[in-house]
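K.L.:
First the structure, which I've put down as structure tokens, then a few questions once you've had a look.
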Amino acid sequence: MSLLVIGGTGTLGRQIVLQALTKGYQVRCLVRNFRKASFLKEWGAELVYGDLTKPETIPPCLKGITAIIDASTSRANELESLKKVDWEGKLCLIEASKVANIQRFIFFSAQNVEEFNNIPLMKVKNGMEIKLKESNIPYTIFRLSGFYQGLIEQYAIPILENLPIWVTNENTDISYMDTQDIAKFCLRSLQITQTKNQTFFLSGSKNWVSSEIINLCEQLAGQRAKVQRVPLFILKLVSRFFGFFEWGQNISDRLAFAEILTTGNTFSNSTSDLYKMFKIDPSELIQLDDYFLEYFIRLLKRLRDINFEDVQKQKNLVI
Ligand SMILES: NC(=O)c1ccc[n+]([C@@H]2O[C@H](COP(=O)([O-])OP(=O)(O)OC[C@H]3O[C@@H](n4cnc5c(N)ncnc54)[C@H](OP(=O)(O)O)[C@@H]3O)[C@@H](O)[C@H]2O)c1
């Protein structure tokens, strides 16, 4: 089976590429910048030039491909790209996939998308789910919540840099996941026929409220966090204010994403069935405590190395 991964340079996409190569799949990555994607080539993937905002570049990338794993999304710093990448680009991708007779199309959506049609990113995710189902291309949709990787920026770095952490006053628990585990589910779905034409809500084995994550980071960093609570209604107002301006659409979306995550999910009851279907034992999954522990150990080692290098440099100066 030959795979085309779109978004291979991204947080989730790179884990998919790595695991797919390890499992012996032939992996092609559609990338828009070969230099940025060179690490994927070093791992053994084939790189082809493609850009979802340039429809003519898409069909050639699909030649000889059996399954597409689309882990792309518009970058937050690229204003106005949401419509071009996540909607228009992906519609072209679906059309090209029909022509290329793609046998499986894996798409990553977000939880509760149908409830948030007022949020552009959620509206296009919902729209894409519908278009994919209508396309007759065999599909698997994974609705995701938050990634562990995003929590570093949200919690760990502000604590280490003594900056405020912004949290809402809602105490909703969220089942974050490591992207390595999401990649595992994604690739496993290619081997399980029952996952064809199905939508899954992927959730981790433990739910976390923000105060627990903050406590964990405080213990590991040995530093107190500066926590700023912002009521959800203020967040909604800010989000609406930014939403008035086209340039603010991305900011508005990202703020509103916090609201989606605080809404809770309606699929939790089916989690154990999901693990059974994918033959994945929840105890195999990477736990947030271990993820953070590894991050802090690596960071503290790096800081020690930098200090050592500085001392060595100073010694050399003295000599
Ligand atoms: N992050 C979350 O918490 C979260 C939650 C729910 C769902 N999801 C979904 O999960 C998927 C993966 O998210 P992520 O956070 O891993 O994404 P990410 O790190 O932001 O990576 C985005 C990827 O899309 C590529 N891309 C952007 N514009 C492109 C274009 N015009 N043509 C081709 N490729 C383009 C980027 O390539 P460059 O490197 O060239 O920019 C990059 O590889 C997405 O579908 C996202 O919506 C994420």
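K.L.:
Taking the Cα centre of the chain as origin, work out the dipole magnitude from +1 charges on Lys and Arg Cβ and -1 charges on Asp and Glu Cβ, in debye rounded to 20. Walk me through the numbers before you get to the answer.
P.N.:
On the way: 38 positive and 34 negative charges, 139 e Å.
The dipole magnitude comes to about 660 debye.
K.L.:
Oh, and also: How do the peptides 120-126, 284-290, 301-307 rank, highest first, by the average count of neighbouring beta carbon atoms within 10 Å per residue? Don't skip to the answer; put the middle values down first.
P.N.:
Numbers: 120-126: 21.1, 284-290: 15.6, 301-307: 10.1.
Ranking, from highest mean packing down: 120-126, 284-290, 301-307.
K.L.:
Probe of 1.4 angstrom, ligands and nucleic acids ignored: what's the accessible area per residue over the chain, in square angstrom?
P.N.:
Working: 16550 Å² over 319 residues.
Accessible area per residue, the chain: 52 Å².
K.L.:
Please list, or write none, the lysines whose alpha carbon is within less than 17 Å of the alpha carbon of Lys184, excluding same-chain residues fewer than 8 places away.
P.N.:
Leaving aside lysines fewer than 8 places away in the same chain, those within reach of Lys184 are Lys23, Lys196, Lys276, Lys279.
K.L.:
Summing +1 for each Lys or Arg and -1 for each Asp or Glu, what net charge is found among the other residues whose Cβ lies under 12 Å from the Cβ of Asn215? Write down the numbers at each step before the final one.
P.N.:
On the way: positive: Arg224; negative: Glu212, Glu218, Asp289.
Taking every other residue near Asn215 into account, the sum is -2.
K.L.:
Let me ask something else about it. Students often get this wrong: which residues of segment 56-75 have the backbone nitrogen under 20 Å from the point 7 angstrom along Cα-to-C-beta of Lys23?
P.N.:
Flagged as within label range: 64-72.
K.L.:
Rank these by accessible area, largest first, 1.4 Å probe: Met277, Met128, Met1.
P.N.:
On the way: Met277 60, Met128 0, Met1 105 Å².
Descending accessible area places them as Met1, Met277, Met128.
K.L.:
Here is a follow-up. Hey, what number do you get for the chain at 222 nm if only DSSP H runs of n ≥ 4 count, each worth -39500 (n - 2.57), divided across all residues, to the nearest 500? It would help to have the intermediate numbers written out before the result.
P.N.:
Values: 13 runs with 142 residues, N = 319.
Helix contribution divided over all residues of the chain: -13500 deg cm²/dmol.
K.L.:
Now for a separate question. Please report, as a whole percent, how much of the solvent-accessible surface of the chain comes from carbon and sulfur atoms (probe radius 1.4 Å). Display every interim value, and only then the final one.
P.N.:
Numbers: 8770 of 16550 Å².
Result for the chain: 53 percent of the exposed heavy-atom area is carbon or sulfur.
K.L.:
Taking +1 at the Cβ of each Lys and Arg and -1 at the Cβ of each Asp and Glu, which of Thr172, Cys92, Thr199 sits farthest along the dipole of the chain towards its positive end, judged by Cα position relative to the Cα centre?
P.N.:
Value computed over the given set: Cys92.
K.L.:
With all protein chains present, calculate the accessible area of Glu294 using a 1.4 Å probe and round the result to the nearest 10 Å².
P.N.:
Accessible area of Glu294: about 110 Å².
The values are calculated or read from the model by the stated rules, or taken from the named source; none is laboratory data. Only a predicted model underlies this, so the values are computations on that prediction, with no experimental measurement involved. Backbone-built Cβ (ideal geometry, glycine too); neighbour counts: all protein chains shown. Ligands, DNA and RNA are stripped out before the accessible areas are found, and what is left, the full protein with its side chains, is counted by its heavy atoms. Shrake-Rupley method; radii C 1.70, N 1.55, O 1.52, S 1.80 Å.
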